[in-house]
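Data first, discussion second: the structure below is written as structure tokens.
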Amino acid sequence: MNIKILSISFITLAGLSMLFSCNNNNSDKSDTVEVEEIVVPEIIDTYEFGIKTNDYIVIKNKIAKNQTFGEILQNQNIGYPTVLELVEKSKDIFNIKRMQRNKNYTLLCKNDSLTTAEVMIYQPNDIDYIVFDMRDSIKVYGGKKEVELKEREVSGIISSSLSEALDNQNVDYRVSNELSEIYAWTIDFFRLQKGDYFKVIFDEKYIDDSTYVGIGPIKACEFYNNGQSFYSFFFDKGKFPEYFDETGRNLRKAFLKAPLKYGTFRISSRYSGRRYHPVLHRWKSHLGTDYAAPTGTPIISTANGTISKSAYNKNNGHYVKVRHNATYSTQYLHMSRRAVKVGQTVKQGQVIGYVGKTGLATGPHVCYRFWKNGKQVDGQKQKLPDAKPIDKDVKEIFITEMKPMKYRLDLIELPVKFDAKEVKDEEVVEAIK
């Protein structure tokens, strides 16, 4: 803290020096007496959300159940006309109705007996905030807290699941989600083997120096699965930000492996020419893959396309069919409700409906069916087409940026060594050593 120091010296008069002397022999000397230094703290300005708060009473709280924007302000002596004006001026910035329970808000109030609010700040998340300023004129604007990025390198060996391996390294669960999406077209995360491993380079986000608020995009990663290494590098200098392997090939396929996000489902029944139907109680073919998940789980289109059917019948329940091109179509059955209409274009990963158990279904799931040249086939066994590779005009830039990242990945050590007897694959054992 900066301080101002006031030093006061009193010089005694020569004629009174005897009063401060214990020895007559020193009575002819002039003495100087120093008084203790007086330290006066300097007032330091404090700021929150870019606003100086020294002169305010600061009230911090969370949105309570059923509490409204108007109620919060009226409790701090803000009249209804001002509340209406704030609502009107916020329309293009933030929808007041989207204020959520347990989200943080701050009130800057006059330092008097009424504590009338002059500014309200609402935080929909840890980084973004909305300022409702009532001081000189009514203003509403948004802002972001400054985010500091700290790069981190992590590795892990699979013993049971990817999420457990990351938990052992005290890594945010979102890294697991990101990895599963990056490799959604390449690796079946339900069939990981003991001894598979991963290495990841990513950024962690912090605000206010030490408050952790999440992760940035994964910069580079390697995933060793089923005897093969799969590298992935984030590159955003082309037409679209994508993940590419070390040769510049797009990791994304034209189709996702599943119509639900990883971690939200389990495969309850696979494609089969003969299966005992749990509702009809007889043997018949099952020309799809069933993904069991809680009712209401979002169902996503596995590829870009156009909605060719969005309907209901007694067998399929609520269902949607997507035509992707002249060769491929996909179908999604037993939805609780549909989110698209016939003729609508959809993108890969877009929500088209929600898991349910309508039609001939004993429990909540989506039956995913894959059509090739008008015939139903096993989508799990199809060799799916790749997405477009990296643009030729930026490939050299990609290679230049990729090489040092790959070198760094190769240098990352794995956290533990497995007993060679526990892992049969010689390549895995050698890689771990």
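Read-outs: derived from the displayed coordinates by stated rules, not from any lab. Here the structure is a predicted model, which means the values were calculated and not measured. All Cβ positions, glycine included, derive from the backbone under ideal geometry; neighbour counts span all protein chains shown.
For T306 and K403, the FRET efficiency from 1/(1 + (r/R0)^6), where r spans their Cβ atoms and R0 equals 51 Å, is about 0.80.
With only Lys, Arg, Asp and Glu charged, each at its Cβ (+1 for the first two, -1 for the last two), find how big the charge dipole of region 321-414 is about the Cα centre; round to the nearest 20 debye. Could you put the intermediate results ahead of the total?
Numbers: 18 positive and 8 negative charges, 139 e Å.
Computed about the Cα centre, the dipole is about 660 debye.
Couplings 3J(HN,Hα) for region 349-359, derived from phi with the Karplus relation 6.51 cos²θ - 1.76 cosθ + 1.60 (θ = phi - 60°), are x, 6, 6, 10, x, 9, 4, x, 9, 7, x Hz, where x marks Gly and Pro. Other residues whose C-beta falls under 14 angstrom from the C-beta of K261 contribute a net charge of +1, scoring Lys and Arg +1 and Asp and Glu -1.
Karplus-derived 3J(HN,Hα) values for region 206-216, using 6.51 cos²θ - 1.76 cosθ + 1.60 with θ = phi - 60°, are 9, 10, 6, 6, 9, 8, 6, 10, x, 10, x Hz; glycine and proline are entered as x. On full extension, the segment bounded by V377 and I44 gains 112.8 nm, given 0.36 nm per residue less the C-alpha separation. Summary of packing: across the peptides 101-110, 193-202, the per-residue average of other C-beta atoms within 10 Å ranks them, highest first, as 193-202, 101-110.
Separation of region 347-393 from region 106-122 is 53 Å, based on Cα centroids. Note on I412 and L384: their simple-model spin labels are 2.4 nm apart, each label 7 Å out from Cα toward Cβ.
At 0.36 nm per residue, and after removing the present C-alpha to C-alpha distance, how many nm does the segment from K139 to Q67 gain when stretched out fully? Each step should come with its number before you reach the end.
Values: separation 72, 0.36 × 72 = 25.92 nm, distance 2.24 nm.
Taking K139 through Q67 to full extension adds about 23.7 nm, to one decimal.
For region 125-133, backbone phi angles converted through the Karplus equation (6.51, -1.76, 1.60; θ = phi - 60°) give residue-by-residue couplings of 8, 5, 9, 7, 8, 10, 9, 10, 9 Hz, Gly and Pro being listed as x.
Calculate the FRET efficiency for N125 and Q74 from the Cβ-Cβ distance with a Förster distance of 22 Å, rounded to the nearest 0.05. Approximately 0.30, to the nearest 0.05.
The calculated FRET efficiency for the pair I93 and R249, based on their C-beta separation and a Förster distance of 35 Å, comes to about 0.25. Each Cα pair under 8 Å and six or more residues apart adds its separation to the average, and for region 266-381 the resulting relative contact order is 29 percent. The slack between K110 and D393, meaning 0.36 nm per residue of separation minus the straight C-alpha distance, is 96.0 nm. Shown here for region 388-418: trypsin sites (Lys or Arg not before Pro) in loop regions (DSSP other than H, G, I, E, B) with at most 14 other Cβ atoms within 10 Å, namely K417. Simple spin-label estimate for K347 and F190 gives 2.7 nm between the two label positions (7 Å along the Cα-to-Cβ direction from each Cα).
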